[in-house]
């Protein structure tokens with residue numbers, strides 16, 4: 001079922017990306033020189049779809065990194081909780097082992113209780 005849903009999402013998405021790339025294949029000049037527009041020192045000529053896809057991928061990567069950094073405190077809390085749970089499980093296993101060892105030792109025989117007879121009236 002999961003493969004069918006994935007196919008229903010990815011196939012139309014792939015078709016849309018291919019159509020977008022074919023419709024926007026004209027080259028554009030991307031310049032990083034704000035002073036000389038005619039002959040930029042830092043410039044790259046590439047198809048428009050490539051620029052948009054590069055920017056989209058960069059945005060996804062930057063968003064993922066930002067989310068990963070923001071969740072650092074939760075990952076640390078999860079690590080600490082897991083370490084504490086591991087320690088408590090080991091302590092519980094040790095206590096169970098001690099309890100079983102004590103149960104294996106026979107209890108001393110019970111002695112008869114001494115009773116004081118009631119005073120004679």
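Efficiency by 1/(1 + (r/R0)^6): what FRET value for residue 28 and residue 61, r their Cβ-Cβ distance, R0 = 22 Å, to the nearest 0.05?
Given R0 = 22 Å and the Cβ-Cβ separation, E is 0.45.
Need one number: the % of Cα-Cα pairs in the range 8-79 sitting beyond the 17 Å mark.
65 percent
Could you work out how far helix 48-70 tilts from the main Cα principal axis of the chain, as a 0 to 90 degree angle to the nearest 10?
20 degrees
Using label points projected 7 Å from each Cα along Cα→Cβ, tell me how many nm separate residue 115 and residue 4, to one decimal.
8.1 nm
What angle, in degrees between 0 and 90 and rounded to the nearest 10, separates the Cα long axis of helix 72-104 from the longest principal axis of the Cα atoms of the chain?
It works out to around 20 degrees.
Over the Cα atoms of the chain, how large are the radius of gyration and the largest Cα-Cα distance (Dmax), in Å?
Cα-based Rg and Dmax for the chain come out at 37.5, 130 Å.
Tell me what the chain gives for mean residue ellipticity at 222 nm when only DSSP H runs of n ≥ 4 count, each as -39,500 (n - 2.57), the sum divided by the residue total, rounded to 500 deg cm²/dmol.
Result for the chain, helices only: -23000 deg cm²/dmol.
Taking the simple approach of a point 7 Å from Cα along Cα-to-Cβ for both residue 78 and residue 91, what is their distance in nm?
Output for this residue pair reads 2.4 nm.
For residue 19 and residue 46 in one chain, what is 0.36 nm times their gap in residues minus the Cα-Cα distance, to one decimal in nm?
That works out to 8.0 nm of additional length.
Rounded to whole Å, give me the distance from the Cα center of the range 91-105 to that of the range 2-35.
Spelled out, the Cα-based centre of one part sits 65 Å from the other.
Here, each number is a calculation from the coordinates, and none is a lab measurement. If you're wondering where the values come from, they're calculated on a predicted model, not measured in any experiment. We place every Cβ from the backbone using ideal geometry, glycine too, and count neighbours over all the protein chains shown.
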